[in-house]
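The values are calculated or read from the model by the stated rules, or taken from the named source; none is laboratory data. What you see is a predicted model; the values in this text were computed from it and never measured. Please note: Cβ atoms are built from the backbone with ideal geometry, for glycine as well, and neighbour counts cover all protein chains shown.
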Amino acid sequence: MKHVKTNSKNFIAINSGVVDSHKPRAATTGKVWLVGAGPGDADLLTVKALRAINSADIIFYDQLVSEEICALFPKTTPALYVGKVKNNHSIPQEDLNQLLVNQAQLGLNVCRIKGGDPFVFGRGGEELLELRKAGVDAEVVPGITSASGCSTYADIPLTHRGIAQGCTFVTGHAEKTLDVNWNALAQLNHTLVFYMGLTSASEISEKLLAGGLAADTPVAIIENGCRKNQRDIISDLKNFPDAVLREQVQSPALIIVGDVVNLKSQLQVSAWISEAERLTA
Ligand code: SAH
């Protein structure tokens, strides 16, 4: 086995070296672990995720797996980047599915690691379906999804007694148009978390306002959540698209809409007061 550390630029070369889809198949002995890496902080990896990383023969990772987590990959295990390449094209999902199947059929234990949770806007379901269809032994290791990790690190509880009795995760990105029942979302009266919502910020704002959600509904934009450079930007439903532009918010970022966002300042004020009391005691 060739031990290679690669990145987006040499993916194709490495890919063609490791995978040979024309080879006759050996008995299926390998296993694929679809592993959730969480939103960034390596301390948020599960014990099971770390075990999968350490026991893999080969690792495939994408752009949402933080550098801190990539640094934990064993030096002797080939780690291949399968996220977006420079010209912004991802490796087609079908090719990636096939790659995973091939590697397992070659007898390798594969760790396919992705940001957050594989089953939350992570295409983990598609990969698992293909693997199971091909008769490959596959298991999913859940990860902390970014809505949970980022909101916690931003001091925003997603639900809170008396404020929000529920929380809905929504994607802000679609191949063509967003197939979302905006009026229903606007009427839920609970927390909404938008993944991949930066480019559709104006649409999210306009559609929720049109659905009847108040213009001053608090909004938090969390950029690079659970990483050393996390940024929390607080705005409201009417103005947050301007805030996204003004603050030049970069991906990955989450948009949290709802009254729970107000808890952030309350929690921080409480922390300051208790610190002040401790210092003056
Ligand atoms: N499976 C992932 C989500 C993948 S979709 C999960 O469970 O979290 C990619 C989107 O997730 C990004 O566009 C962004 O909206 C969100 N995201 C992922 N990691 C993030 C992070 N560290 N900070 C903020 N948003 C993040």
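Points worth noting:
- Ile58 being modelled with pLDDT of 95 or more and either surrounded by fewer than 21 Cβ atoms within 10 Å (Cβ to Cβ) or away from the ligand (no atom under 16 Å from the Cβ) (or both): yes
- Lone unmet requirement of (1) in a loop (DSSP other than H, G, I, E, B); (2) within 14 Å of the ligand (Cβ to nearest atom); (3) surrounded by 15 or more Cβ atoms within 10 Å (Cβ to Cβ) for Asn229: (3)
- Within the range 61-103, the set of residues being of a type in the set (Val, Ile, Thr), at pLDDT 95 or above and in a loop (DSSP other than H, G, I, E, B) comprises Val65, Thr76, Thr77.
- Restricting Ala220, Ala174, Ala154, Ala201 to residues that are within 16 Å of the ligand (Cβ to nearest atom), buried (at least 21 other Cβ atoms within 10 Å of the Cβ) and farther than 19 Å from Asp259 by Cβ narrows the list to Ala201.
- Among the residues making up the range 223-258, those that are touching a Gly at 6+ places or on another chain (Cβ under 8 Å) and either of a type in the set (Asp, Glu) or within 18 Å of Val170 (Cα to Cα) (or both) are Gly225, Pro252, Ala253, Leu254, Ile255.
- Taking the numbered list (1) within 15 Å of the ligand (Cβ to nearest atom); (2) over 21 Å from Pro118 (Cα atoms); (3) out of contact with any Asp or Glu (no Cβ under 8 Å at 6 or more places or on another chain) in turn, Gly212 passes all entries but (1).
- Residues located in the range 220-260, provided they are aliphatic (A, V, I, L, M) and farther than 19 Å from Gly40 by Cα: Ile234, Leu237, Ala243, Val244, Leu245, Val257, Val260
- In the range 117-150, the residues that are more than 10 Å from the ligand (Cβ to nearest atom) and in contact with a helix residue (DSSP H, G or I) (Cβ under 8 Å, 6 or more places away or on another chain): Glu126, Glu127, Glu130, Leu131, Ala134, Val136, Asp137, Ala138, Val140, Val141
- Checked against (1) within 16 Å of the ligand (Cβ to nearest atom); (2) surrounded by fewer than 20 Cβ atoms within 10 Å (Cβ to Cβ); (3) basic (Lys, Arg), Lys114 passes all but condition (2).
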